[in-house]
């Protein structure tokens, strides 16, 4: 069925990107992209949940009857999210204080459920795991870029507090691009989320048109 | 494929619920104590911000008393030196622009403020979040004040006829914090004897 792992990754990262193409997971996309670091952290947490839930669902797919598949998928995703929540609270507490409030949001993110339904429920274990990984990476990339756009224009910094997320070695990532107080406040307020996401969508469309690709209103279609 | 009878679906769903329930319970078992420890650490960290280390030789977390105030219980952490209470700290709550603002208030036995810090809030970044000590020194200006200095009717932001600065573009947040601190001091005044003597 699957025409190769390269396609799975190309799909997840660009062609069928969860945020930029499928337009799923808008709630965490808007809420968690006030800075690049927040977007990256939320993306990584979602990546972990998607890869593990896709893996589990694909390996159990022969035991899940179509009639109860949705509640079972939600159960598996919610269980993975709760696992992440408890583990982070216990062992990555500083990060948890930043992201903790938003971890439960992953359950309400349609993207893990969408990938479970269109991919993991039908495909073998390894491609499904890769799909979760690729979609998660695409999600992380989109959130980080949107976060960076909002952070640079809003606060004048880039990757502030990244050392909190990734460890002290990443202190060098923390940049100040504008003097304090010079940012456009709206960028970090909710409207900024819509503006940055919209801009990024437009840029992706432009690149696709330049490349001569037909523009389709892509839904969550399966990789076949 | 298995026979498509409702009971089969119910069983499948039930088994999945059971298995994941067990997995989550196991994780909870392993992380529960660590999470509790982290919460205590958080509490201790916020207490050290509002009670100077020099005035106590005890662990305020273990010398806490629960005071009944109206219908609610307030846990008061008491700083002690040589057996006498030298300060008390407790969480207070004000209403901000983005929902409740939780603060930790530390007072000395006379009701004079030792320190105030915002511990949890959702105020607008760049405007209301200046109540955070990391972003502005505004919150530190409460230190050394008490009810009566300034007088009770001046415990307001300047816009409302009081003495406290509001922020440019944000009045609701400082207004909520000033009211919360005032309420916190009044709470201490009401229960001073209980807090100092450790009665419940």
Exercise for the section: Would you check which residues across segment A:184-209 are within 13 Å of chain B (Cβ to nearest Cβ) and either within 21 Å of residue A:27 (Cβ to Cβ) or in a helix (DSSP H, G or I) (or both) and list them? Expected result: A:185, A:186, A:187, A:188, A:189, A:190, A:191, A:192, A:193
Problem - Cβ pairs under 6 Å, 6+ apart, first in segment B:111-128 and away from chain A (no Cβ under 11 Å) and within 28 Å of residue B:148 (Cα to Cα), second part of a strand (DSSP E or B) and modelled with pLDDT under 85 - result: B:128/B:170
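Against the definition (over 30 Å from residue B:38 (Cβ atoms) and either free of Cβ contacts under 8 Å to residues at least 12 places away in the same chain or away from every other protein chain (no Cβ under 13 Å) (or both)), how does residue A:65 come out, yes or no? Spell out how you get there, then give the answer.
Numbers: over 30 Å from residue B:38 (Cβ atoms): yes; either free of Cβ contacts under 8 Å to residues at least 12 places away in the same chain or away from every other protein chain (no Cβ under 13 Å) (or both): yes.
Yes; evaluated as a whole, the condition is true for this residue.
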Practice task
Check residue A:123 against each of (1) more than 14 Å from every other protein chain (Cβ to nearest Cβ); (2) farther than 20 Å from residue A:32 by Cα; (3) surrounded by fewer than 20 Cβ atoms within 10 Å (Cβ to Cβ) and name the one condition it does not meet.
Solution key: (3)
Exercise for the section: Mind listing just one residue for me: the one in segment A:149-183 that is touching a helix residue (DSSP H, G or I) at 6+ places or on another chain (Cβ under 9 Å) and assigned to a loop (DSSP other than H, G, I, E, B) and, of those, modelled with the highest pLDDT? Expected result: A:159
Practice task
Check whether at least one residue in segment B:84-93 is surrounded by 15 or more Cβ atoms within 10 Å (Cβ to Cβ), touching a helix residue (DSSP H, G or I) at 6+ places or on another chain (Cβ under 6 Å), within 11 Å of another protein chain (Cβ to nearest Cβ) and at pLDDT below 95, and report yes or no.
Solution key: no
Problem - Among (1) under 19 Å from the mean Cα position of the chain (by Cα); (2) buried (at least 20 other Cβ atoms within 10 Å of the Cβ); (3) at pLDDT below 90, the one test that residue B:126 misses - result: (1)
Handout entry: Residue list for segment A:68-87, restricted to those being touching a residue at least 40 places away in the same chain (Cβ under 8 Å) and buried (at least 21 other Cβ atoms within 10 Å of the Cβ)
Key = A:73, A:76
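Got a sec? Which of A:109, A:54, A:38 is crowded, with 20+ Cβ neighbours inside 10 Å, away from every other protein chain (no Cβ under 13 Å) and within 14 Å of the chain's Cα centre (by Cα)? Lay out the reasoning, then the answer.
Details: A:54 fails: within 14 Å of the chain's Cα centre (by Cα); A:38 fails: away from every other protein chain (no Cβ under 13 Å).
That would be A:109, the only listed residue that is crowded, with 20+ Cβ neighbours inside 10 Å, away from every other protein chain (no Cβ under 13 Å) and within 14 Å of the chain's Cα centre (by Cα).
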Exercise for the section: Would you point out the residue of segment B:148-189, among those that are in contact (Cβ under 8 Å) with a residue 40 or more places away in the chain and in a strand (DSSP E or B), that is farthest from residue B:94 (Cα to Cα)? Expected result: B:167
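Report, by residue number, each residue of segment A:1-26 that is assigned to a helix (DSSP H, G or I) and in contact with a helix residue (DSSP H, G or I) (Cβ under 6 Å, 6 or more places away or on another chain).
As a first pass, look at segment A:1-26 and keep what is assigned to a helix (DSSP H, G or I): A:5-15, A:26.
Of everything in segment A:1-26, those that are assigned to a helix (DSSP H, G or I) and in contact with a helix residue (DSSP H, G or I) (Cβ under 6 Å, 6 or more places away or on another chain) turn out to be A:5, A:8, A:9, A:12, A:13.
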Exercise for the section: Answer with yes or no whether residue B:36 is farther than 30 Å from residue A:95 by Cα and surrounded by fewer than 19 Cβ atoms within 10 Å (Cβ to Cβ). Expected result: no
Exercise for the section: Collect the residues in segment B:41-54 that are surrounded by 12 or more Cβ atoms within 10 Å (Cβ to Cβ), away from chain A (no Cβ under 11 Å) and part of a helix (DSSP H, G or I), keeping them in residue-number order. Expected result: B:43, B:44, B:46, B:47, B:48, B:49, B:50
Completion exercise
Among (1) within 14 Å of chain A (Cβ to nearest Cβ); (2) surrounded by 17 or more Cβ atoms within 10 Å (Cβ to Cβ); (3) not in a loop (DSSP other than H, G, I, E, B), residue B:100 falls short only on (2)
Exercise for the section: Mind telling me which of the residues A:95, A:101 ends up being touching a residue at least 24 places away in the same chain (Cβ under 8 Å), more than 7 Å from chain B (Cβ to nearest Cβ) and out of contact with any strand residue (DSSP E or B) (no Cβ under 6 Å at 6 or more places or on another chain)? Expected result: A:95
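The values are calculated or read from the model by the stated rules, or taken from the named source; none is laboratory data. Given the structure is predicted, the values throughout are model-derived calculations rather than measurements. Here the Cβ is made from the backbone with ideal geometry for all residues, glycine too, and neighbour counts use every protein chain on show.
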